[in-house]
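The values are calculated or read from the model by the stated rules, or taken from the named source; none is laboratory data. Here the structure is a predicted model, which is why all the values come from computation and not from measurement. No Cβ is skipped: glycine too gets one built from the backbone with ideal geometry, and neighbour counts run over all protein chains shown. Please note that ligands, DNA and RNA were not included when accessible areas were found on the heavy atoms of the full protein model with its side chains. Shrake-Rupley method; radii C 1.70, N 1.55, O 1.52, S 1.80 Å.
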Amino acid sequence: MKRKLLTALLCVTLAAGLLAGCGKKEKSEETPAPETQEETSEEENEEPAAEAENLSFEIVSKGLQQQYWQAVKNGVEQKAEELGVNVNFVGPASEADINDQVQMLENALNSSPSAIGLAALDTNSVMDLLSQAMDKNVPIIGFDSGVPNAPEGSVQATCATNNYAAGALAAEKIYEAVKDRIDGTVRIGVLTPDATADSTIQRGLGFIDKIAELAKADNYTSTVVGNEKYVNDSQCEKTDNANVIIDVRVPASMTSELSAADATSLMNEGDTVAIFAVNEHSANAIITANENLNKCGTGEGQIVAGGFDSGAAQVQAVREGILIGSITQAPVEMGKILVQNLYDAATGKPVEDTDTGCQWYTAENMDDPEIAQNLYE
């Protein structure tokens, strides 16, 4: 009996020892050694830097002649240096040089870049090249303006101001300044350099539609006249003998002289109470025309004028009250976001459309740090 009891005790002891050993083994498999975790982390941190050394981006802008594009380029270069990638930023001499931009995009594609940034002057002119880029697996990121009706998948994302909303914001500010002057028929001019670039089209349409909406809320009728593209694409309910005539002027060619002539013509219309310029070029045309006519300002009977973007002449005009205000984008930030999106697309990471924002600046708020950082001269 004693022997049987001793044998049983030995078996229990042996089983307990085996179970304890198994428990320790399982615990050690579940918890990796700290050294292994550190080594993995270091390898992961080194991988993006190695990828960046071989990345090159071609960026085709709408031009280099305006300070706006120089500000975008500044943001591009800052982010490229931070990520350690190579960038080549180009643009035609004028935003009227559509064929030159198409050639630049073709050259960019032929250089076999890691990705391409594109601000299209004319959306239809680049369709074939977008298809070629997709066939070559070269990702394209749009900036400043999108490419409506682009081949599906050819433009992976766009970083830009919501131009339609920005135009609507300008309309709210300008309408507030002139609504008490609507008596009989008044004219509100829209000065735009083209009817081809999506960014300027959307700003113009956003402005037109919001003016018509605000006028309707005050029981006024509206109509749109002038450039056929804007007349046909606007949501304004066109009305005969309208209280508010929204008059859209587009020059035959985008030159300073022709745009200034359009601004002069609008100012000389006897019923004009306001003018909105959709970009820096058009705002400068208003400023040039006003040097001879001296009709813009906030005084009694003067024409209320507003602009878009900044630049030295426009900023000064806002300070002096020639323009009651302007919309500023965030061009430096746009350039930075563009390069980050190009980097992500080139390395297989997901990208998405980004609204880079806008603000309405006036003589009263333009020195606020939040706004001043986006005013380029």
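How would you rank 305-317, 135-147, highest first, on the average number of other Cβ atoms within 10 Å across their residues?
Values: 305-317: 24.4, 135-147: 21.3.
Averaged packing, sorted descending, gives the order 305-317, 135-147.
Let's see if you can work this out: charge +1 on each Lys and Arg Cβ, -1 on each Asp and Glu Cβ, no other charges. What is the dipole magnitude of the chain about its Cα centre, in debye to the nearest 20? Could you put the intermediate results ahead of the total?
Details: 24 positive and 59 negative charges, 269 e Å.
So the magnitude is around 1300 debye.
Relative contact order for the chain using alpha-carbon pairs under 8 Å, separation at least 6, rounded to a whole percent? Before the final figure, lay out the partial values.
On the way: 717 pairs, mean separation 64.6, N = 377.
In percent, rounded to a whole number, it is 17.
Which residue fluctuates the most in the chain, going by a Gaussian network model with Cα springs under 10 Å, if the choices are A345, A150, A120?
Judging by the Gaussian network model, the answer is A150.
Taking the chain as the reference, fit the longest principal axis to its C-alpha atoms, fit the long axis of helix 34-52 to the helix C-alpha atoms, and give the angle between the two in degrees, 0 to 90, nearest 10.
Helix 34-52 and the main axis of the chain meet at about 30 degrees.
Decide, for the stretch 77-143, between rounded, prolate and oblate: order the square roots of the alpha carbon gyration tensor eigenvalues as a ≥ b ≥ c, take rounded if a/c falls under 1.5, and otherwise choose prolate if a/b is larger than b/c, else oblate.
Values: a/c = 2.10, a/b = 1.28, b/c = 1.65.
Taking the square roots of the gyration eigenvalues as a ≥ b ≥ c, the stretch 77-143 is oblate.
Which residue, chosen from Q359, I371, N284, occupies the Cα position most advanced towards the positive end of the dipole of the stretch 232-373, where the dipole is computed from +1 (Lys, Arg) and -1 (Asp, Glu) charges on Cβ about the Cα centre?
Checking the options against the dipole of the stretch 232-373, the answer is N284.
Mind giving me the nanometre distance, one decimal, between the label points for N110 and A165, set 7 Å out from Cα along Cα→Cβ?
Reported label-point gap for N110 and A165 is 4.1 nm.
Each residue of the stretch 233-250 in order: what ³J(HN,Hα) in whole Hz does its phi give by Karplus 6.51 cos²θ - 1.76 cosθ + 1.60, θ = phi - 60°, with x for Gly and Pro?
8, 6, 8, 4, 7, 5, 10, 5, 6, 5, 6, 10, 9, 9, 10, 9, 10, 10
Applying the Karplus parametrisation 6.51 cos²θ - 1.76 cosθ + 1.60 with θ = phi - 60° to the phi angles of the stretch 134-151, what ³J(HN,Hα) value in whole Hz is obtained for each residue in order, glycine and proline being reported as x?
5, 4, 8, 6, 9, x, 10, 10, x, 9, 6, 9, x, 10, x, 6, 5, x
Sort largest first and round to whole Å: the equivalent ellipsoid semi-axes of the stretch 46-189, each the square root of five times a Cα gyration tensor eigenvalue.
Working: eigenvalues 249, 67, 42 Å².
With the √(5λ) rule applied to the stretch 46-189, the semi-axes are 35, 18, 14 Å.
Do any GluC sites (Glu not before Pro) in the stretch 279-356 lie in a loop, going by DSSP, with at most 10 other beta-carbon atoms within 10 Å of their beta carbon, and if so which?
The qualifying sites are E300, E352.
State the antiparallel share, in %, of DSSP beta bridges confined to the chain, rounding to the nearest 5. Could you put the intermediate results ahead of the total?
Numbers: 3 of 45 bridges.
Within the chain, antiparallel bridges account for around 5 percent of the total.
What does the accessible area of R319 come to, in Å² to the nearest 10, when a probe of 1.4 Å is used?
Rounded to the nearest 10, that gives 110 Å².
What is the dipole size for the stretch 173-286, taken about its Cα centre, with +1 at each Lys and Arg Cβ and -1 at each Asp and Glu Cβ, in debye to the nearest 20? Don't skip to the end; give the middle numbers.
Values: 10 positive and 18 negative charges, 27 e Å.
About 120 debye.
Excluding ligands, DNA and RNA, what is the solvent-accessible area per residue of the stretch 177-331 at a probe of 1.4 Å, expressed in Å²? Numbers along the way, then the final one.
On the way: 5880 Å² over 155 residues.
Per-residue accessible area for the stretch 177-331 comes out at 38 Å².
Within the chain, what whole-number % of the accessible surface is contributed by carbon and sulfur, with the 1.4 Å probe and all protein chains included in the calculation? Don't skip to the answer; put the middle values down first.
Working: 8490 of 18300 Å².
Roughly 46 percent of what the probe reaches on the chain is carbon or sulfur.
Using the Karplus curve 6.51 cos²θ - 1.76 cosθ + 1.60 with θ = phi - 60°, what ³J(HN,Hα) values do you get for each residue of the stretch 186-201, in whole Hz, with x for Gly and Pro?
Per-residue couplings from phi come out as 10, 10, 10, x, 10, 10, 9, x, 7, 10, 10, 7, 4, 4, 5, 4 Hz.
Please say if the stretch 204-247 is rounded, prolate or oblate, where rounded means a/c under 1.5 for a ≥ b ≥ c the square roots of the C-alpha gyration tensor eigenvalues, and otherwise the choice is prolate for a/b larger than b/c and oblate otherwise?
Numbers: a/c = 2.24, a/b = 1.38, b/c = 1.62.
It comes out oblate by the Cα gyration axes.
Taking a ≥ b ≥ c as the square roots of the Cα gyration tensor eigenvalues, with a/c under 1.5 meaning rounded and otherwise prolate when a/b beats b/c, else oblate, which class fits the chain?
Prolate.
How much length is gained if the chain between E176 and E257 is pulled fully straight, taking 0.36 nm per residue apart and subtracting their Cα-Cα distance, in nm to one decimal? It would help to have the intermediate numbers written out before the result.
Details: separation 81, 0.36 × 81 = 29.16 nm, distance 3.06 nm.
So the chain would gain 26.1 nm between E176 and E257.
Rounded to the nearest 500 deg cm²/dmol, what is the calculated helix-only ellipticity per residue at 222 nm for the chain, with -39500 (n - 2.57) per DSSP H run of length n ≥ 4?
Numbers: 13 runs with 185 residues, N = 377.
One gets -16000 deg cm²/dmol as the mean residue ellipticity at 222 nm.
Once label points are set 7 Å from the Cα along Cα→Cβ at both N292 and E152, what is their separation, rounded to one decimal in nm?
Roughly 5.3 nm, to one decimal.
At 7 Å along Cα-to-Cβ for each site, give me the label-to-label distance between A312 and K136 in nm.
Going by the 7 Å Cα→Cβ label model, 3.9 nm.
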